[in-house]
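Below: the structure, in structure tokens.
The values are calculated or read from the model by the stated rules, or taken from the named source; none is laboratory data. This structure is a prediction, so every number in the text was calculated from the model and none was measured. No Cβ is skipped: glycine too gets one built from the backbone with ideal geometry, and neighbour counts run over all protein chains shown.
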Amino acid sequence: MEAAKCPKCGYPRRASDQSCRRCGIIFAKYNPASRKPGRRCHEVDYKIIGDDIQIVEVELDPGETVIAEAGTMNYMDHGISFEAKMGDGSKPDEGTLGKLLNAGKRKLTGESLFMTHFTNAGAEKKIVAFAAPYPGKIIPVDMSTIRGELICQKDAFLCAAHGTQIGIAFVKRLGVGFFGGEGFILQRLRGDGMAFIHAGGAVIKKELHSDEILVDTGCIVGFTAGINYDIQRAGNLKSMFFGGEGLFLAHLSGTGAVLLQSLPFSRMANRILRHAPTAGGSRKGEGSAVNLGGAILGSVFNND
């Protein structure tokens with residue numbers, strides 16, 4: 001006879017257990033209808049609040065879980081339990097070695113080794129809210145409508161329904177990583193539920209149909225499967241060094257959706273730093289050939 005398992009995460013369940021020893025759900029209150037047959041992600045409802053500095057409220061049925069980056073939670077109802085875990089929990093049977101490997105991959109993207117899991121341990125619907133880290137928009141993405149995969153910038157992910165796999169995507173060509181402006185490593189989201197990513201400023205969605213588009217590398221938020229990512233020079237040498245558009249542009253081609261942002265965080269931080277007064281009272285970026293050289297080098301490394 002097969003041993004009983006948790007209906008949510010699949011962890012072995014003893015006859016005397018009132019709750020799961022892994023995910024913490026209360027068996028008597030868990031609603032298995034919260035996940036349709038064949039789905040691996042929980043089905044969560046949501047509401048986005050605000051305009052330029054937004055919050056997403058995620059509504060959880062009893063037993064449902066949402067995963068989020070550490071430090072993004074804004075508020076939550078009483079009855080929601082949370083726990084920092086190593087990994088996204090998309091593979092309940094994954095061993096310790098696999099979790100350590102995935103955590104190491106997350107560290108390569110500059111994110112925390114741990115993700116926070118928020119679970120509704122009560123008998124009624126509960127709400128947990130997550131805030132955007134800087135001015136911009138929160139983008140809800142129904143992964144089931146985009147063939148279950150989204151490639152995004154390494155700091156774009158905010159939260160997602162439990163069951164969503166958060167991994168990394170190495171850009172195929174080394175040149176893209178070294179000259180792409182936003183880093184060699186991108187995040188890959190996989191699943192069939194709701195995921196939420198953040199973009200700076202306004203959000204622009206471009207649909208490509210065997211087409212191509214040139215974009216400032218820092219303005220890319222994410223793109224769906226079927227889109228190829230490469231870089232090319234930004235015109236001739238004079239345009240590259242004095243055009244103000246960086247040395248390289250991103251070349252996106254294929255069929256799929258591309259999400260763009262008008263104000264990358266790196267650009268906003270650069271502007272603030274450039275206009276911040278120094279100890280002598282002058283502003284950075286004013287007045288010398290050294291500053292011109294610094295601006296050129298900044299263009300190389302920050303693509304701004």
Could you please let me know if PHE178 is surrounded by fewer than 16 Cβ atoms within 10 Å (Cβ to Cβ) and either at pLDDT below 85 or in the same structural domain as GLU64 (by TED's automatic domain parsing) (or both)? yes
Scanning region 134-170 for residues that are farther than 16 Å from GLN54 by Cα and of a type in the set (D, E, K, R), the one modelled with the lowest pLDDT turns out to be LYS154
Only residues that are among the hydrophobic types (A, V, I, L, M, F, W, C) and in a strand (DSSP E or B): list them for region 209-224, please. ILE213, LEU214, VAL215, ILE220, VAL221, PHE223
Looking at region 188-233, which of its residues are among the aliphatic types (A, V, I, L, M), surrounded by fewer than 20 Cβ atoms within 10 Å (Cβ to Cβ) and free of Cβ contacts under 8 Å to residues at least 60 places away in the same chain? ILE204, LEU208, ILE213, LEU214, VAL215
Region 120-130: number of residues that are modelled with pLDDT of 95 or more and among the hydrophobic types (A, V, I, L, M, F, W, C): 4
Residue count, region 135-172, condition without any contact (Cβ under 8 Å) to a residue 24 or more places away in the chain, β-branched (Val, Ile, Thr) and assigned to a strand (DSSP E or B), comes to 0
Go through region 248-291 and report how many residues are of a type in the set (Ser, Thr, Tyr) and modelled with pLDDT under 85. 4
Given (1) modelled with pLDDT of 75 or more; (2) more than 19 Å from LYS125 (Cβ to Cβ), GLU43 misses just (2)
For region 185-208, indicate whether the set of residues that are assigned to a strand (DSSP E or B), more than 30 Å from ASP45 (Cβ to Cβ) and of a type in the set (Phe, Trp, Tyr) is non-empty. no
